[in-house]
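A.B. asks: Quick one: the structure is below, questions incoming.
The values are calculated or read from the model by the stated rules, or taken from the named source; none is laboratory data. All values reported here derive from a predicted model rather than from experimental measurement. With ideal geometry, Cβ positions are generated from the backbone for all residues, glycine too; neighbour counts draw on all protein chains shown.
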Amino acid sequence: MSEPRQHEQWGSNLGFVLATIGSAVGLGNIWRFAYVTGENGGAVFLLVYLAFVLVIGLPLMIAELSLGRTTRRDPVQAFGSLAPGGAWAHVGWVGVVAAVAILSFYSVIAGWALKYFVGAAGGTLWEAAGGGYGAYFDGFIAASGEPIVWQGLMLLLAALVVGGGVNQGIERASSWLMPMLAAIVLGLAVVALTLPGSAEGVAFLFRPDWSALAKPGLYIAALGQAFFSLGVGMAVFIAYGSYLSPTTRLPVGAATVALGDTTFAIVAGLAIFPAVFALGGDPAAGPQLAFITIPQILLETPGGRIVGPVFFFLLSAAALTSMVSLLDAASAVARHRLGWSRRRAATLVALAIFALGTPSALSYGVLAGVSLGGAPILDAVDAAASNVALPLAGLIVALFVGWRVPRLQAVSGAGLGRGTAGRVWLWLLRVPVPLAIALILLHSLGWL
Ligand code: TRP
């Protein structure tokens, strides 16, 4: 095993929090949160998701960050360096596989956002209003080559950023782009809430129908969304933790990111669901939900045709910063193992991901007839990666930090000391987190 390379560090605590928010905030907060919440009936799903963020996502995020900070190795080596010679040396690969799988469909949706940006800026998006945005979306998605072109463009951009090592510039840019996106989403929520009939959407999001608790699928989806939206389970935070200084108050940073990410999603929900109900849409429309609803809200918004291009530009930018973190993690392994240069690793890994993602890009067009386990290809890849691979990687991290790493090293690595917080954190990692994930995983695989 090679020696750890000379390691960079974050310039400041704020820099770390902002970069981490850049990775966490993305399509997951707007596009995925809306579609999965809509498919799972709203309020009860939201509650279970929030509980999972707090009890499973946050402790795991702290564990990943502290693994990175303690070992200062890449996401695969981090395990092996603390537990040499055994199976632990290979478990980090689960996260790498998840990164590749997620990026393969994430780039497709990022391409949709880019297409909408160009449509909004050029005006074609507004002319389509007559036929309704369902028709606009269907027309775009059915044009067989188009989604692939936009997907390829987004991957090209991500490869240029990762290959050029200009991540820092991207981080600096996202520190003002993300607040702008948050402000626009908040504005859209205000507009959506004033539409006649919007109250039903608020009720959908906040008035629980407890009978939904009996549906096992809800827990699988809520766990997947918690992992996806935080970006846990894929080793991004092991890499980010390795740039942390030993004095950073890691739990505080992690909690800030989790809170910011979750608030963002709820505000996006407050923009989308009231509008869905006010405009007579179907909350369970699937992955296209946000792309049908948001243009409608923009049309109802005074100045919406000006805000529209800005919104879709920012959404594309948010997607890009998340793609950068995923592509960086996936190609880091190629750099270290194969000795490839930054540029070469980023380009070739992006190309492979492009090829892998083509079926997802076509899954609502020419491949609409093909289904995997009853779902369109894109939905199925998303579910497999988010609901199985990410929780599995999380389970591994929980067991490793909870049981394999010496207790004191684990707690002090996280910066938690001997107090109650450290004890609660470690206990969560040891018992409830692995137990909950294992139960849900076994169930989703049909073994329970
Ligand atoms: N969290 C991002 C989003 O919500 C996506 C993302 C970035 C991600 N890094 C990740 C998802 C790591 C899973 C794992 O859009």
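A.B. asks: Among (1) at pLDDT below 90; (2) over 17 Å from residue 70 (Cβ atoms); (3) buried (at least 23 other Cβ atoms within 10 Å of the Cβ), where does residue 368 come up short?
C.D. replies: If we test residue 368 against (1) at pLDDT below 90; (2) over 17 Å from residue 70 (Cβ atoms); (3) buried (at least 23 other Cβ atoms within 10 Å of the Cβ), just (3) comes out false.
A.B. asks: I've got another one for you. In the stretch 296-334, how many residues are closer than 13 Å to residue 161 by Cβ and more than 13 Å from the ligand (Cβ to nearest atom)?
C.D. replies: Looking only at that region, the number is 1.
A.B. asks: Here is a list of conditions, (1) in contact with a Phe, Trp or Tyr (Cβ under 8 Å, 6 or more places away or on another chain); (2) touching a residue at least 60 places away in the same chain (Cβ under 8 Å); (3) under 19 Å from residue 311 (Cα atoms), and residue 115 meets all of them except one; can you say which number that is?
C.D. replies: Just one mismatch for residue 115, condition (2).
A.B. asks: Return only the number of the condition from (1) touching a residue at least 12 places away in the same chain (Cβ under 8 Å); (2) surrounded by fewer than 24 Cβ atoms within 10 Å (Cβ to Cβ); (3) closer than 27 Å to residue 363 by Cα that residue 380 does not satisfy.
C.D. replies: (1) is the only condition that residue 380 fails.
A.B. asks: Give me the pairs: first residue in the stretch 297-323 and at negative phi, second residue of a type in the set (Lys, Arg) and away from the ligand (no atom under 16 Å from the Cβ), beta-carbon distance under 9 Å, and six or more apart or on different chains, which are they?
C.D. replies: Short answer, once both residue conditions are applied: 298/305; 299/305; 312/115.
A.B. asks: Next up: Got a sec? Which of 44, 25 is within 22 Å of residue 329 (Cβ to Cβ) and not small (Gly, Ala, Ser)? Before you say what the answer is, go through the steps one by one.
C.D. replies: On the way: 44 fails: within 22 Å of residue 329 (Cβ to Cβ).
Every option except 25 fails the conditions.
A.B. asks: On to the next question. Could you name every one of the helices (runs of 4 or more DSSP H) located completely within the stretch 6-116 that has at least 3 residues being touching a strand residue (DSSP E or B) at 6+ places or on another chain (Cβ under 6 Å), of a type outside the set (Val, Ile, Thr) and surrounded by fewer than 23 Cβ atoms within 10 Å (Cβ to Cβ)?
C.D. replies: Correct list: empty, since no element meets the threshold.
A.B. asks: From (1) part of a helix (DSSP H, G or I); (2) modelled with pLDDT under 90, pick out the condition that doesn't hold for residue 248.
C.D. replies: It is condition (1) that residue 248 fails.
A.B. asks: Next up: With respect to residue 252, is the statement that it is surrounded by fewer than 24 Cβ atoms within 10 Å (Cβ to Cβ), within 16 Å of residue 19 (Cβ to Cβ) and either more than 16 Å from the ligand (Cβ to nearest atom) or of a type in the set (Lys, Arg) (or both) true?
C.D. replies: Values: surrounded by fewer than 24 Cβ atoms within 10 Å (Cβ to Cβ): yes; within 16 Å of residue 19 (Cβ to Cβ): yes; either more than 16 Å from the ligand (Cβ to nearest atom) or of a type in the set (Lys, Arg) (or both): yes.
Answer is yes for this residue.
A.B. asks: Restricting to the stretch 328-378, name every residue that is part of a helix (DSSP H, G or I) and more than 28 Å from residue 76 (Cα to Cα).
C.D. replies: 359, 361, 377 - these are the residues of the stretch 328-378 that are part of a helix (DSSP H, G or I) and more than 28 Å from residue 76 (Cα to Cα).
A.B. asks: Working only within the stretch 8-27, note down all residues that are at pLDDT below 95 and either closer than 16 Å to residue 261 by Cβ or within 12 Å of the ligand (Cβ to nearest atom) (or both).
C.D. replies: Scanning the stretch 8-27 gives 16, 17, 18, 19, 20, 21, 22, 23, 24, 25, 26.
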